[in-house]
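Just below is one structure, and these are the notes that go with it.
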Amino acid sequence: MFEAPKLVDDLNVTLARYAVFGHPVGHSKSPVIHRAFAHQLGIALRYDAIDAAPGTLATALSRFAAEGGVGANITLPLKSEAFAAARAHSARAKRLGVANTLAWRGDHWYADNTDGEGLIRDLGDRHRIDLRGRRVLLVGAGGAAQGVLPALLDAGVAKVTITNRTPERADQLCDWVGDPARVQTWYLDDLRRAGDFDAVFNATAAGQHGEAVDLPFSIANPRTLAYDLSYGKAATAFLAWAKTAGCAYALDGLGMLVEQAAAAFELWHGQRPDTEPVHAQLARESRG
Ligand code: ATR
């Protein structure tokens, strides 16, 4: 169903090129998502997955542009390099200092970051969850946590508590975002004394390493939203914790992935795809 542009490929027409760059990149769902969006809107394009080792992205992007590349998605661990390789930046990319989307502007790359928008759209549009006034626990203090923290604050949360295995990184993230009235840190080992939260976001890479963060059940209540920014296997342990803790929602980041892609697609093509069928298809596939 997602392979439609192939027909045009076979005709050997020169197509506008798009790609996701990462390291590794073989697992990325971006090609499937973008081909499906393009098929839905009748747009002919070529979308590849390109592996670029750290330190080589700027060169890879120049080559890509010379070969007709006009849009790129950027995944781990290249988001800072993508920001540095661009000459112009959206306000939200500037605020984060990392980019997940690049658009070719004739003689330079323009950088945007659609991750935060993806999260807020998944929650608001797909799940009808309003974060205004909510007390949020953000677990993790790496790039993923940094990428969504400003969007959570912009969505009107009352308070964000950041907790992390390495407390100093939580403090750094707290200082970086600069909203002392709404953002505080808490020791992971001492979470039992933190009370409960309306929403708990797992932004750690623990699940990607087959590990789990040791979280007490006392941080959840029957109305709590539990959301893992990862999806698939990497989210399994946290979602199992959320279900045992009795959270009202236990969601993985597949919806965020599809929504950040839709925002990138709109930047490139000026049209917004319907994300629902694509999300449904990927969710079916991930359930096996
Ligand atoms: P990313 O850009 O994906 O966020 P990162 O910068 O390496 O990657 O950050 C990974 C996050 O997952 C960090 O918050 C990390 O905690 P540390 O700062 O202490 O390293 C967290 N993390 C990774 N494995 C973890 C584990 N087994 N338990 C708890 N936290 C973990």
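Readers should treat all values here as calculations from the given coordinates under stated rules, not as data from a laboratory. As the structure is a prediction and not an experimental result, all values here were calculated from the model. In this analysis, Cβ positions are derived from the backbone assuming ideal geometry, glycine residues included, and neighbour counts consider all displayed protein chains.
Listing for the model above:
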quantity: Lysine pairs in the chain with Cα atoms under 19 Å, if 8 or more residues apart or on separate chains; calculated: 5
quantity: Placed amide H near ALA99: partners under 5 Å, 5+ positions off or other chain; calculated: SER80, ALA82, PHE83
quantity: FRET efficiency, 1/(1 + (r/R0)^6) with R0 22 Å, evaluated for ARG192 and ARG132 via beta carbons; calculated: 0.20
quantity: FRET E, pair LYS94, ARG223, Förster distance 35 Å, beta-carbon r, rounded to 0.05; calculated: 0.45
quantity: Magnitude of the charge dipole, the chain, Cβ model with Lys/Arg +1 and Asp/Glu -1, debye to 20; calculated: 320
quantity: Counting DSSP beta bridges with both ends in the chain, the antiparallel % (nearest 5); calculated: 15
quantity: Segment 22-64 shape via C-alpha gyration tensor axes, a/c threshold 1.5; calculated: oblate
quantity: Ellipticity estimate at 222 nm from DSSP helix runs (n ≥ 4, -39,500 (n - 2.57)) divided over the chain, nearest 500; calculated: -11000 deg cm²/dmol
quantity: Rounded if a/c under 1.5, otherwise prolate or oblate - segment 117-252, Cα gyration tensor axes; calculated: rounded
quantity: Alpha-carbon centroids, segment 60-80 and segment 202-249: separation in whole Å; calculated: 33
